1. Return the long-range amide H neighbours of LEU275 (sequence gap of 5 or more, or a different chain), with a cut-off of under 5 Å between placed amide H atoms.
2. Any chance you could check the Cα centroid distance between the stretch 141-184 and the stretch 462-489 for me, in angstrom?
3. Using the Cα gyration tensor of the stretch 450-501, with a ≥ b ≥ c the square roots of its eigenvalues, what is the shape: rounded (a/c below 1.5), prolate (a/b larger than b/c) or oblate (neither)?
4. List, in the order given, every pair from LYS147/LYS172; LYS234/LYS399; LYS60/LYS628; LYS309/LYS710; LYS7/LYS602 whose Cα-Cα distance in the structure shown is over 31 Å.
5. Work out from phi, with θ = phi - 60° and the Karplus expression 6.51 cos²θ - 1.76 cosθ + 1.60, the ³J(HN,Hα) of each residue of the stretch 196-209, listed in order in whole Hz, and give x for Gly and Pro.
6. By accessible area of protein heavy atoms, probe 1.4 Å, what ranking do PHE508, PHE150 get, highest first?
7. Once the other residues with Cβ under 11 Å from the Cβ of GLU702 are scored (Lys, Arg +1; Asp, Glu -1), what is the net sum?
8. If the cut-off is 16 Å between C-alpha atoms, which aspartates and glutamates fall inside it for LYS50, apart from same-chain ones fewer than 8 positions away?
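The values are calculated or read from the model by the stated rules, or taken from the named source; none is laboratory data. The structure presented is a predicted model; accordingly, all values stated were derived computationally and were not measured. Counting neighbours? That spans all protein chains shown, and the Cβs are built from the backbone with ideal geometry, glycine included. Ligands, DNA and RNA are excluded from the accessible area calculation, which covers all protein heavy atoms including side chains. Shrake-Rupley method; radii C 1.70, N 1.55, O 1.52, S 1.80 Å.
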Amino acid sequence: MLKSLNKVQKSAVQSFGKPVLIFAGAGSGKTRVLTHKIAYLANENLIPEKNILAVTFTNKAAQEMKIRVASLNKKKTIEATIGTFHSICARILRKEIKNIGFTSDFTIFDVQDQISLSKVILDEMKVAKDKLSPQNAKYLISNYKNKLIFPNELLSIANNTQEKLFAEFYKKYQDSLFDNNAADFDDLLLLPLKLFKENPTILKKYQNLWKYVLVDEYQDTNKPQFEFIHYLTKEHKQVCVVGDDDQSIYGWRGADIRNILDFERVFKGCDIFKLEKNYRSTANILDAAYSVVRNNEERAPKELISDNKNGEKLGILETNDEMEEADALINALEKEIKLEKRNFSDFAVLYRTNSQSRALEDSFRRSSIPYNIVGGIRFYERKEIKDIIGYLSLIINTKDTISLRRVVNFPPRGIGLKTVDKCFEKAEKRKMELLDVLNEPDDMGIRGKQAEALRRFYGTIMKYNELLPKLNAGELVRTLLEDIGIKNHYSKNRTPDDNERYENVLEFLRGVDEFMLRNPDGGLRDFLEEISLLTDLDNWNDQSNRVTLMTVHASKGLEFPVIFLSGLEDGLFPLYSSLDHKEKLEEERRLFYVALTRAMEKVYLLYALQRRRMGSDDLFGTPSRFIKEIPKEKLEKISFTSALTRRVISGKPGKHTKTALRRTVVIFDDFKVGDSVEHAIFGIGKVMAISGQGENQRVGIEFKDGLKKKLVVKFANLKKIDAG
């Protein structure tokens, strides 16, 4: 089983009896080591497999680990517990949360739910948005929770009116979560710590259950995650952590690089291993990445060595603005496809901020190149899907007032905001559950259709609440949607938007069916928990033949033959806010290192001399300082032909010169129906139709294998060819 490992990997796998720290550089086989260690512990009878816990950060990584361990042990299923921090903690809470006053049917509030709850509380407190917005309140709460600072502590240290206001809000927010029998994402990590602290018996139970704990991506752990691991392992000290301080890029959400750098101080006498052989990237890519990250002071000494050839130099493309940057990227991508015979899925385009994707997406659409964007509106965050989830959450947890507010008038049944406010007032006055109040409209002076609508809504929720033990998730969801008339609601107007929303509802149903295939005994609560803990990457289909667009943060853990890294200007990457802060600048440098080490064969670095920003002046850019930290012999300037030209408008002599960017067509071929043409990606085809003139000219082309495309001439870069 260990024959496929190199010497250091094998030693790390076999180390037992003391804490283990494995520094695993990018592409050095950390997942291989983790999975082999789990299998080794079980096969050598060192630890029963059922007593092993492995924790990581994404469902995708957890699933991959399960498959690999099962393969190594030649089993279909495994007994080890493998999952994300949030899913493992949620599992503990389902069993134990009753010990701290919640019920096991608690709801997990996502970001939208948290913001909705914050808005309700701030409205009740009559706090203006300019003093504290719901979005900012949510961010601040998460920040304090990551530091393990709670409302009472914050109240005691508040120094001014604003701090006291927020501390008061924070307390009301936590009280409201409790009243709603709900936990937010941060609480999924915090509540197990509360359980362990207040109930030593429960802590002992899980220490005995998980006698060996492995942690992936340890450099990304925050304070609550560190405490969780420390609680579980402080008695038996059987812990193995794998990570790379050079890839610690989540400081902005609470990750603490000191967790990995101080591991040997906390877990004294540990074995330390360094995986420094990279099996992913070429030597040139690794040398460039290392030449940047080694400038950080806060890092453990190590250097990655490539197991591959030198490979090509890193390509540099200087462009005038973000639109030309996108065109230059497409130009290089088309050449890669044509010359290297690559697939679309071989490419990833990475950027520092989500806002950069707009110009890139426009260029991909104009060029008819298929792409996936990771990090847009997630499927389960779309309004029509959130509405259905709102119903399901309320059916499971009838205390969930945020879900009740969301769906009480969906589909529209004539229940206005004033009516809902009356219900809240009565619930507070009589200390009743809000849902129960809906069944007594007469007591609030509500008559007629509104009263009947409230009673019907109450009856629907209670009906399905009683059916929970009798129906599986698929049966319940389908029956409910038919009952509330979702199809009729979206087919009334038959607008394209409504059609798309209904298609999304059908896709949701398919998702429930897929869940049932994977979990034949799964209930509705299990399904909702699974989708509430999904990440952007869990929705990404790496089997589809499309170019992937994503932020550098989202790309961590992935690899692609070719990487395009765009927006490399000082102020964008690294961000302006980091330039005068050593810790932030070092994290930006680590982020750049992560970006380069996603690439297996080729890297393109792009920057623009001018970049437009919404709501502010244009940025005049200089190349990122990180480019300057790469040795010149590792870089190659690439020229490209753009279909765009620039005009420079100069001011009076001695005055500031302003550059105005105008897009004009350089050349058009005079196409006609029947012409044979060649496209860089789609190959040879024939013009079947022409519409428009000048810049608006489009051509309909049928390519080989029957592929039909309608292309804008000025962007398509078509060449006329001799049909003979």
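1. Excluding prolines and chain starts, which carry no amide H, the hits are PHE23, ALA24, GLY25.
2. One Cα centre to the other: 37 Å.
3. Values: a/c = 4.25, a/b = 1.42, b/c = 2.99.
Because a/c hits 1.5 or more and a/b fails to exceed b/c, the stretch 450-501 counts as oblate.
4. Details: LYS147/LYS172 19 Å; LYS234/LYS399 37 Å; LYS60/LYS628 35 Å; LYS309/LYS710 41 Å; LYS7/LYS602 29 Å.
In this structure, LYS234/LYS399; LYS60/LYS628; LYS309/LYS710 lie more than 31 Å apart at Cα.
5. Calculated HN-Hα couplings, in order: 5, 5, 8, 9, x, 5, 5, 4, 4, 4, 7, 5, 6, 5 Hz.
6. Working: PHE508 0, PHE150 90 Å².
Output order, biggest surface exposure first: PHE150, PHE508.
7. Numbers: positive: LYS686, LYS704, LYS708, LYS709, LYS710; negative: ASP705.
Computed value for this residue: +4.
8. Filter leaves GLU79.
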